[in-house]
1. May I ask you to compute the full-extension gain from R88 to K71, defined as 0.36 nm times their residue separation minus their alpha-carbon distance, rounded to one decimal in nm?
2. Nearest 10 degrees, 0 to 90: what angle lies between the long axis of helix 8-19 and the longest principal axis of the chain (Cα atoms)?
3. Beyond 16 Å, what percent of the Cα pairs of the chain remain?
4. Give me the dipole magnitude in Debye, nearest 20, for the chain about the Cα centre, with unit charges on the beta carbon: positive for Lys and Arg, negative for Asp and Glu.
5. Per 0.36 nm of contour for each residue apart, how much would the distance between A95 and N35 grow if the chain were fully extended, relative to their Cα-Cα spacing?
6. Across the stretch 59-67, in residue order, what do the Karplus-derived ³J(HN,Hα) couplings come to in whole Hz, using 6.51 cos²θ - 1.76 cosθ + 1.60 with θ = phi - 60° and x for Gly and Pro?
7. If R₀ is 25 angstrom, what is the calculated FRET efficiency for the pair E17 and R44, using the beta carbon separation as r and rounding to 0.05?
8. Across the stretch 69-81, in residue order, what do the Karplus-derived ³J(HN,Hα) couplings come to in whole Hz, using 6.51 cos²θ - 1.76 cosθ + 1.60 with θ = phi - 60° and x for Gly and Pro?
Amino acid sequence: MARTPIHPGEILAEEIEAAGLSAAELARLIEVPANRVSMIIAGRRAVTADTALRLGRYFGTSAELWLNLQKMFELDLARAELGASLDRLPQRASASA
């Protein structure tokens, strides 16, 4: 069963709310434009390596967490878009040992 893609912005919105911040306040704290944080929360922008480092530092997580959330979102979207056509692609035979 396919997973529903969850944009990292949904997780970021929860973290911001738990911290009692607004998106603009977080943006000021991590020194990025406010629209970067707002667009990530809205699901219209991806988390970049730069942003992942800043979010990781602020929230005390790893940058990899934020990049992995982005990667999983993109893979889930691609998997849903490709659907059964992915299964029809040939697969390289494994080499004999």
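The values are calculated or read from the model by the stated rules, or taken from the named source; none is laboratory data. Computed from a predicted model, the values in this text were never measured in an experiment. Because the Cβ atoms are built from the backbone with ideal geometry, glycine has one as well, and the counts that use them run over all protein chains shown. Each accessible area value is taken on the protein alone, full model and side chains, heavy atoms only, with ligands, DNA and RNA left out. Shrake-Rupley method; radii C 1.70, N 1.55, O 1.52, S 1.80 Å.
1. Contour length minus the Cα-Cα distance gives 3.8 nm.
2. 30
3. Of all Cα-Cα distances in the chain, 60 percent exceed 16 Å.
4. The calculation lands at about 320 debye.
5. In short, 16.6 nm is gained.
6. Ordered by residue, 3J(HN,Hα) equals 8, x, 10, 8, 5, 4, 4, 5, 5 Hz.
7. 0.85
8. 4, 5, 4, 5, 4, 5, 5, 4, 5, 5, 4, 5, 5
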